[in-house]
Amino acid sequence: MITKSKLLIITGLCLIIYSNGVYAQRSEQLKLYEVRVLEANLSKKADALNVEIARNNLNKGLAGLTPRINFTAGDDVSYTSNINESANGINRNGFRFNNAFNAALLANMTLYNGGRNRNLYERYRILTDVADLNQRQISENLIYQIRSLYYQAIRQIQLIKASETAIDYSDQRLQLATNKLDIGTGNKVEVLQAELDRNQYASDLENYKNALNNIFVQMNSLMNLPPGNLIEIPDTIFSIGNLNKADIEASMQQQHVEIVRNRINYSLALNKLDDAKGQWKPTLDANLGYSFSRADNGGGFFRVNSSNGAAGGLTLSVPIYDGRAVRSQIKNAEVEVRQVELQNEDLKVQLLNSLNQYYNNYQNAIELVRLQERNLKNAQENIDIGLARFQVGVTNGFEFKQIQQSFTDANFRYIDALYQAKLNELELVYLSGQILRTID
């Protein structure tokens, strides 16, 4: 007979409530998987290259704030014959070698252009924040996925154990029904029904095992491991955190990845507005250079002609009229700023709604766990009594079938209630924007 103490070993499930603010307690094995997925996931590695590109672009933006220096040089060679005709006659020169060499070192810099070069550098800096945020979002999603799969695996393992328990009771029921049939106190229908129920539980058991194997395949894929790699799930207990709604909301308003993204988009919109306004302002360019040139004319009147020296200047450009093109750009940029502001307000409303829903589901799941735990204890006591009565012939096989089904259903409902509580806890931690804070 399977007692209540044996039941706890079979299900391996219990509800542990701990106070933790907005953090989720995790086992050491799950922590190892989280570290592995962050280090080895291929999609994260591919996106990390965008961070490198953004850093390179930032250096490109810095170029607009520094002088541009160019060195040019050229050497033209010719071998020609010259004929000069004058009043005194014709002077013919044979083929002569001619060489013209020139070199220049030139520097130019935009001293002022309405702040557009500075805005360009700031825009590239903001885009590095975008690249970093994308990396963070990928990491958060990966942690969310690996934790979710890990919790699914625990659930499947518990469903397998509960099914094995149901099969054990079915085997006892089948054996008792067969014994009664052999001694003439039973009937064939009870035996057949016991076999049918036993086979159904066995079928469910195979489905749960298959689902568990598929979960392992997904976990290996996230960690960039081969499908057949052994996944260990030592945990049999769901620890549910006593999450504080106010703490989650405060953290969500500051740390949620979409809130941070909206702040970045707002900075980009303001940058675009400043850049548009800068087009109405004057542009002042400065240039400074040194040049050298020398020409050797083998057949010319001046055999050598050379010059060298420094030169510099300033160029001022003032916009007067552009057909209202810049004005339209400024208006559009102002509209985009307002658009981002409205999107931010809408985002906060949506996130707050999600927080309320998940928190209500979370509290409801915890209450259901407590309720289902009591039901499971009652179902365990009921099946113990029912099995004893069936053994002595007080209860027939059909009555015991109903008792056994109630016990099995109570087991499954308890498992699902624990699983739903854990999933809602995971959603709340993700909403808080601190799902990465516990990664070692």
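Say whether the condition of being surrounded by 16 or more Cβ atoms within 10 Å (Cβ to Cβ), modelled with pLDDT under 90 and more than 30 Å from Asn364 (Cβ to Cβ) is met by at least one residue in region 240-257. Within region 240-257 (the criterion being surrounded by 16 or more Cβ atoms within 10 Å (Cβ to Cβ), modelled with pLDDT under 90 and more than 30 Å from Asn364 (Cβ to Cβ)), the answer is no, since none of the residues qualifies.
Tallying residues that are crowded, with 17+ Cβ neighbours inside 10 Å and modelled with pLDDT under 90 within region 211-239 yields 3.
In contact with a Leu (Cβ under 7 Å, 6 or more places away or on another chain), surrounded by fewer than 18 Cβ atoms within 10 Å (Cβ to Cβ) and farther than 19 Å from Ile146 by Cβ: is that true of Ile264 in this structure? Taking the combined requirement at face value, the residue satisfies it. Cβ-Cβ contacts under 8 Å between residues 6 or more apart (or on different chains), taken from a first residue in region 37-62 that is surrounded by 12 or more Cβ atoms within 10 Å (Cβ to Cβ) to a second residue that is not in a helix (DSSP H, G or I), are listed as Val37/Met223; Leu38/Ile439; Ala40/Met223; Ala40/Asn224; Ala40/Leu225; Asn41/Met223; Asn41/Asn224.
Quick one: which strands (runs of 3 or more DSSP E) lie wholly within region 234-348 and hold at least 3 residues that are in contact with a Ser or Thr (Cβ under 8 Å, 6 or more places away or on another chain)?
In region 234-348, 283-297, 304-317 are the strands (runs of 3 or more DSSP E) which contain 3 or more residues that are in contact with a Ser or Thr (Cβ under 8 Å, 6 or more places away or on another chain).
Here region 115-145 is the region considered, the condition is being touching a residue at least 60 places away in the same chain (Cβ under 8 Å) and in contact with a Ser or Thr (Cβ under 7 Å, 6 or more places away or on another chain), and the residue that is farthest from Ala295 (Cα to Cα) is Ile138. Check whether at least one residue in region 260-275 is at pLDDT below 90 and hydrophobic (A, V, I, L, M, F, W, C), and report yes or no. No - not one qualifying residue is present in region 260-275.
Among the residues of region 61-77, is there at least one that is in contact with a strand residue (DSSP E or B) (Cβ under 6 Å, 6 or more places away or on another chain), modelled with pLDDT under 70 and among the charged types (D, E, K, R)? Checked against the condition, which is being in contact with a strand residue (DSSP E or B) (Cβ under 6 Å, 6 or more places away or on another chain), modelled with pLDDT under 70 and among the charged types (D, E, K, R), region 61-77 yields no hits at all.
Based on this model, can you work out whether Leu176 counts as buried (at least 20 other Cβ atoms within 10 Å of the Cβ), within 48 Å of the chain's Cα centre (by Cα), of a type outside the set (S, T, N, Q) and in a helix (DSSP H, G or I)? It is false that Leu176 is buried (at least 20 other Cβ atoms within 10 Å of the Cβ), within 48 Å of the chain's Cα centre (by Cα), of a type outside the set (S, T, N, Q) and in a helix (DSSP H, G or I). Taking the conditions (1) at pLDDT 90 or above; (2) crowded, with 19+ Cβ neighbours inside 10 Å in turn, Arg338 satisfies each one other than (2).
Applying the set (1) loosely packed, with under 15 Cβ neighbours inside 10 Å; (2) under 23 Å from the mean Cα position of the chain (by Cα) to Asn199 leaves exactly one unmet item: (2).
Scanning region 393-432 for residues that are of a type in the set (D, E, K, R), over 30 Å from Gly184 (Cα atoms) and either in contact with a strand residue (DSSP E or B) (Cβ under 8 Å, 6 or more places away or on another chain) or touching a residue at least 60 places away in the same chain (Cβ under 8 Å) (or both) gives Asp416, Lys422, Glu425, Glu427.
Leu387: under 25 Å from Ser148 (Cβ atoms) and of a type in the set (A, V, I, L, M), yes or no? Here the answer is no, as Leu387 does not meet what is asked. The set of residues in region 385-416 being modelled with pLDDT under 90 and among the charged types (D, E, K, R) consists of Arg389, Glu399, Lys401.
The values are calculated or read from the model by the stated rules, or taken from the named source; none is laboratory data. It should be emphasised that the depicted structure is a prediction, and the values quoted were computed from it without experimental measurement. Quick reminder, even Gly has a Cβ in these numbers, built from the backbone with ideal geometry, and neighbours come from all protein chains shown.
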